[in-house]
Amino acid sequence: MDIKKLGMLQFLFVLFFSFTTSLAFASDDDITAVSAGVDQVVGLGDTVSLTGVITFEEDDAKKKHRHKKHGKHGKYNKHHEHDKHEKHEKHKKHKKHRKHDGDDDDDEDEIVISWVQTAGTAVILTGANTLTPTFTAPTQLTADEVLTFTLNVSDDDGELIASDTVSITVEVPVSTITGRITAVDGTELAGVTVNVLASGASQTTVTSAANGHFSAVLVANADYVLQFSAAGYADQVVPARSPKQDGSIFLDISMIARGAVQTFDAATDAVITGNDGASVSVAANSFVDANGAVVTGNIDVTVTPVDVSSPATLAAFPGEFSGVLEGAVDDTAIISFGTVEFEFSQNGQPLQLGGNQTAGVLLPIYIDTYQDGSPIAIGDTIPLWSLNEDTGIWVQEGTGTVVASTDSPTGLAMDATVSHFSWWNCDVSANTAQAIVTVFGQDTGTALIKARTTANIGWRPTTVETVSAVAVPTAPLYIPSNGEVCFWAEIAFDNGSNGTTSETCVNAAPSSLINIDLVSPVSGPVNIITTPAATGGMLDVTGYFGFPTTRIQFQPSTFETFVNYSIISGNLPAGLFLVPVNATRAEISGVVAQPGVFNVVVQAMDADGNTDTVTINYTVVTSVPPPVLEQNIEIFYNNIPFSFDLNIYNTNTGGPVSNWALSYNPVFEQIPPPPELVLDPVTGILTATDYCIFWDGILVASNASGSTEVPILVEDGGCH
């Protein structure tokens, strides 16, 4: 016979014999080795196949028997198929048998195949009694894990013949969420505990460093809730989505100082009042500890409102601007008029209302118009929401009633009844559009998309929904409609460089779907931009002794891996500091503690030694700052006489107004205010004495330090 043909016949015989004996039966004396296959590395949720192999050896008698039986000259296949049928029939009878070939006896036993998982998260093996079982890798791991499986081969009496073990490494893709934690005035907060939750369970806990920075390595492309806690500060809750594998994002986290600690006797009724008229009233013996026991003795309480009309304090708003309405399942976009944290404790341990106890709360209203511009009025009913601190989503729990409040900046507050204490929020569902945002860049990376609105509403975009890979469109993002919304993105590229896009602003119609394209910057040498924007490399800033200064933020408009910021000329006024934010960003912030004129040159140097500079000219005065009004004031009324206090539009970063005035708007028809629209220049009370007024003009607010002008619209909402 041809040598090549003989070799092929031998190969076919071994292949067939191995297959049939692996699944049926053979003499256990013939089995020489068992292999569970090669080790594998797989991903979360992958379908994994195990491949077992049984190796055996025939004795000389069998070789002779086979040679006689098969004959010569191509008879192999015919007789081979006959043997295959014989063995199949014998296997069906499930019993031992004996074959005779002269004086040789040859026992053949049925073999039993079984796989057993011996380590790792339990999985379900399909086909565990075959040589090729399969399973689905775990999907909820937080770190790489090794699963081990043992292949056992036994005879039909249960005696183990041979076994082998294989390891399957389930690799978890990871990425990093980093950030910096600051107080509302820009002070970096050290020692803040950051608890990272997934599906309500803690995954890891990290602590902020001396510069307020933190970092957590997490499973990539997963949703988390970050809980921030620090002595003296209200708890902060930020949902966030981790970026793609090996990517990173940088979060700016703001925390607000808790209100002053007040103490009352648990056995007495009490009313506790915080800033801006925020208050809580409780009945005697209402509180229980963590074990459900009624509390006696003194109770400590803090009341901490957040002014959502101020950009600085709005940053400390907890959770997302998203909530679940009563009776609903899915969350919806919301806008806030004000939120308050109520925190009760005894000896540092949190307390709650017990049993069926309730308490009354007053939530200051910081924005006194609805999204459509119509005024919030005494007697209005507004949904009441509590924060689920495990999800960062607000949950509606009834409603509250708008009442007058002399201590609230708007003169309004929401009166409501609550059954537990957490963050409580005065919110309504938002009128929204949707935006699909795509960030384009010259390299792969992760974009953190940000947005702001000039509308007079409490809102910011959802962190969870605004993390996206470069060049990958986001899912539709809910944004306020009928108001300007500006988008930009901070990009962390996979090559280690960072960049910030320019802003793109839109004014979307209700229920519309728009597309936003953001284009990343170009390569260096380094070029620095500031917020507020510098002109010709120079920025003039007026500061006020004892007041937080405007934060000046520095960031490159070019691709950079590292930028070092330093002051190369002059000195900052006492109380202000130049601090790094991350590898490419820095800011100047603080409370001014020194009057005078200060000229400083801030230099930025990239990794290649290229430099750019910005000159900051500070003038720090001891007088109060000029008024700082909210932008684009819109006032709607539907009855007369109608009076409105314009002081509510003076933000907490501005000084008090000593004189108010109305002027025509040069952009539109130069029409002075009608005589039926009267503004008291001292008190700032605006009064409409007639119906059907429609006037679009300029509001001027001033004091000894300066003045500010903003557009104002006054309209009779019921006049058609």
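All of the numbers you see were taken from the coordinates with simple rules; none came from a lab. Quick caveat, the model's predicted, so the values are computed rather than measured. Cβ placement follows ideal geometry from the backbone for every residue including glycine, while neighbour counts extend to all protein chains displayed.
Key figures
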{"quantity": "Fraction in percent of alpha-carbon pairs per bin - 10 Å, the chain", "calculated": "3, 11, 18, 19, 15, 9, 7, 6, 5, 4, 2, 1, 0"}
{"quantity": "Cys residues of the chain counted as unpaired, since no other Cys beta-carbon is under 4.7 Å", "calculated": "Cys426"}
{"quantity": "Ranked packing of 432-440, 346-354, most packed first, by mean Cβ within 10 Å", "calculated": "432-440, 346-354"}
{"quantity": "The chain: antiparallel DSSP beta bridges as a percent of all, rounded to 5", "calculated": "85"}
{"quantity": "Whole-Hz ³J(HN,Hα) from phi, Karplus 6.51 cos²θ - 1.76 cosθ + 1.60, for the stretch 680-686, glycine and proline x", "calculated": "6, x, 9, 7, x, 8, 9"}
{"quantity": "Residues Tyr618, Tyr478, sorted so that the one with the fewest Cβ neighbours within 10 Å comes first", "calculated": "Tyr478, Tyr618"}
{"quantity": "Normalised contact order of the stretch 147-207, rounded percent, pairs of Cα under 8 Å and 6 or more residues apart", "calculated": "19"}
{"quantity": "Burial order of peptide ranges 305-315, 122-132 (average beta-carbon count within 10 Å, highest first)", "calculated": "305-315, 122-132"}
{"quantity": "Computed over the chain: relative contact order in percent, which uses C-alpha pairs under 8 Å that are six or more apart", "calculated": "7"}
{"quantity": "Cα gyration tensor shape for the stretch 245-306, rounded if a/c is under 1.5, else prolate or oblate", "calculated": "oblate"}
{"quantity": "C-alpha center-to-center spacing [the stretch 594-643, the stretch 371-387] in angstrom", "calculated": "31"}
{"quantity": "Interchain or long-range residues, amide H under 5 Å from Gly445's placed H", "calculated": "Val470, Asp494"}
{"quantity": "Expected 222 nm ellipticity per residue - DSSP helices of 4 or more, -39500 (n - 2.57), all of the chain, to 500", "calculated": "-2500 deg cm²/dmol"}
{"quantity": "Packing-based exposure ordering (other Cβ within 10 Å, fewest first) of Glu341, Glu171, Glu326", "calculated": "Glu326, Glu171, Glu341"}
{"quantity": "Ranked packing of 210-223, 531-544, 678-691, most packed first, by mean Cβ within 10 Å", "calculated": "210-223, 678-691, 531-544"}
{"quantity": "Size of charge dipole - the chain - debye, nearest 20, with Cβ of Lys, Arg +1 and Asp, Glu -1, no other charges", "calculated": "1760"}
{"quantity": "Mean Cα-pair separation over length for the stretch 633-716, i.e. relative contact order, pairs under 8 Å, 6 or more apart, %", "calculated": "38"}
{"quantity": "Cα gyration tensor shape for the stretch 547-692, rounded if a/c is under 1.5, else prolate or oblate", "calculated": "prolate"}
{"quantity": "Ser512 long-range amide H proximity, modeled H, under 5 Å", "calculated": "Gln434"}
{"quantity": "Inter-part distance where the stretch 142-185 and the stretch 215-251 are each reduced to a Cα centre, Å", "calculated": "25"}
